[in-house]
Amino acid sequence: MKKKKDLPLAILKPLEPFVNLKGEKFEVVEPKENLLKVIDKDLDSIFHFTIEKYQKGNNGTFQFLMTRIPRNINDHGVYQTWVDVSGLTSQFETWLGLLDENVNSFFDDPITESFKEEFYAEFEIIEDDAEKKPLNTKQILLLDNYLDNVENKLSEFITNKNSEEIKDIQEEIILLRENLTTKSKKWVITKLTQIWAKMAKQGTNLIKEFLTETKKELITQGIKGLIDIVTENGHNLLN
């Protein structure tokens, strides 16, 4: 990540509005080697808006190297160009417009989305820091243990009809486990409820095995902070 003191004021000023910027459909994330990185909140999306670096032009004005996906409404490829620092906001608004155009397309699965909304509502995440801070270590270990059991046991439910769907769920579980310590509470919960929704769509067998009220309550309460329930008798409930 670039240090503030290494950047000219003419570069810092245009970037300031993005520091605590929040949106329903996007998330400002750690830019690492870039100056700014904004991503689509859709976990399956590759859409992003990135400012990689800056330069001073021959006329003395500063420019940003912008990279974004999608390029435009008809092309979901990468678009990269130099833009004047004064045009940063308008370029970001263009990207937001493209993001809006791609929300709720007819490719979305309304059944899975309905299950996801049902499960997400159970968490009632209201903390101001939910989009920035990770789960605490106890919560991470609780969830990792649960996901490990689910990932392994899912193989018992594979049939000729659902093999691709089950493998997809297992891959999502692996991705979630790999990011438990690096992603925000909200990202983790969104990903978990997406996994639950996909399992629910596979039928009552998976619901009974993995999504009973006891197990869901343990996880939701654990993530919301009531870890003491797990300390005494949580292990048996997770298996």
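The values are calculated or read from the model by the stated rules, or taken from the named source; none is laboratory data. It should be emphasised that the depicted structure is a prediction, and the values quoted were computed from it without experimental measurement. With ideal geometry, Cβ positions are generated from the backbone for all residues, glycine too; neighbour counts draw on all protein chains shown.
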Using the structure shown, decide if PHE92 is assigned to a strand (DSSP E or B) and under 30 Å from LEU192 (Cα atoms). no
If you check GLU52 against the conditions, is it in contact (Cβ under 8 Å) with a residue 60 or more places away in the chain, assigned to a strand (DSSP E or B), outside the structural domain of LYS133 (by TED's automatic domain parsing) and charged (D, E, K, R)? no
Taking TYR79 as the residue in question, decide whether it is touching a residue at least 24 places away in the same chain (Cβ under 8 Å) and in contact with a strand residue (DSSP E or B) (Cβ under 7 Å, 6 or more places away or on another chain). no
Return yes or no: is ASN20 among the polar types (S, T, N, Q), under 25 Å from the mean Cα position of the chain (by Cα) and surrounded by fewer than 13 Cβ atoms within 10 Å (Cβ to Cβ)? yes
Exclusive hit being surrounded by 13 or more Cβ atoms within 10 Å (Cβ to Cβ) and free of Cβ contacts under 8 Å to residues at least 60 places away in the same chain, set ILE166, ILE174: ILE166
Considering only residues that are assigned to a helix (DSSP H, G or I), modelled with pLDDT of 90 or more and of a type in the set (A, V, I, L, M), look in the range 168-196 and name the one that is farthest from the chain's Cα centre (by Cα). ILE169
